[in-house]
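J.: Have a look at this one before I ask anything.
The values are calculated or read from the model by the stated rules, or taken from the named source; none is laboratory data. Just so you know, these numbers come straight off a predicted model, no measurement behind them. We place every Cβ from the backbone using ideal geometry, glycine too, and count neighbours over all the protein chains shown. Each accessible area value is taken on the protein alone, full model and side chains, heavy atoms only, with ligands, DNA and RNA left out. Shrake-Rupley method; radii C 1.70, N 1.55, O 1.52, S 1.80 Å.
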Amino acid sequence: QVQLVESGGGLVQAGGSLRLSCLASGRVFSITVMGWYRQAPGKQRELVATITSGGSANVADSVKGRFTISRDNAKNTVFLQMNSLKPEDTAVYYCQADRICTVRRCEHDDWGQGTQVTVSS
């Protein structure tokens, strides 16, 4: 069974930076689109950024120019570099993968447990 494990969250002052990582653990053969979503208290989960296996990225307007998504296919890992953080970026950040295939089967719409990012003013 494949698991998505996020790391890198924490507390940072406004204007600071954090780098989130998400590793797909297990005997992974391929992963299609990977992405980051976030959910702030009292709000719906929203898309932050996605990236295809070929490296094509899509970034939400609210974070464009501040956040960068990237991935290392060889290490089954996706990253989110977050710069110029604002208090409104405070949320639980979730990693998601559209389809993960192992040598035995494929799984669809996998999610990580989430990592808390808190930006103080």
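J.: Under a Cβ-only charge scheme (Lys and Arg +1, Asp and Glu -1), can you give me the dipole magnitude of the stretch 28-89 about the Cα centre, in debye to the nearest 20? Write out the running numbers ahead of the final one.
T.: Numbers: 8 positive and 5 negative charges, 10 e Å.
Charge dipole, the stretch 28-89, about its Cα centre: 40 debye, nearest 20.
J.: How big is the charge dipole of the stretch 49-121 about its Cα centre, in debye rounded to the nearest 20, if each Lys and Arg gets +1 on its Cβ and each Asp and Glu gets -1 on its Cβ?
T.: 220 debye
J.: Quick one: length gained pulling N58 to N73 fully straight, 0.36 nm per residue minus the C-alpha distance?
T.: 3.7 nm
J.: Dipole of the chain (Lys/Arg Cβ +1, Asp/Glu Cβ -1, origin at the Cα centre): which of W111, A74, I31 lies farthest to the positive side?
T.: With unit charges placed on the Cβ atoms, the residue in question is A74.
J.: So, one more: Can you give the accessible area per residue of the stretch 29-82, in Å², using a 1.4 Å probe?
T.: Solvent-accessible surface per residue comes out at 53 Å².
J.: Once you've got the GNM for the chain with C-alpha springs shorter than 10 Å, pick whichever of S56, S17, S70 has the biggest mean-square fluctuation.
T.: Evaluated over the chain, the most mobile residue of the options is S56.
J.: While we're on this one: Please give the charge dipole size of the stretch 1-109, origin at the Cα centre, charges +1 on K and R Cβ atoms and -1 on D and E Cβ atoms. Round to the nearest 20 debye.
T.: It comes to approximately 200 debye.
J.: Something else about it: Mind checking which of G55, Q44, Q96 is farthest towards the positive end of the chain's charge dipole, using Cβ charges of +1 (Lys, Arg) and -1 (Asp, Glu) about the Cα centre?
T.: So the residue we want is G55.
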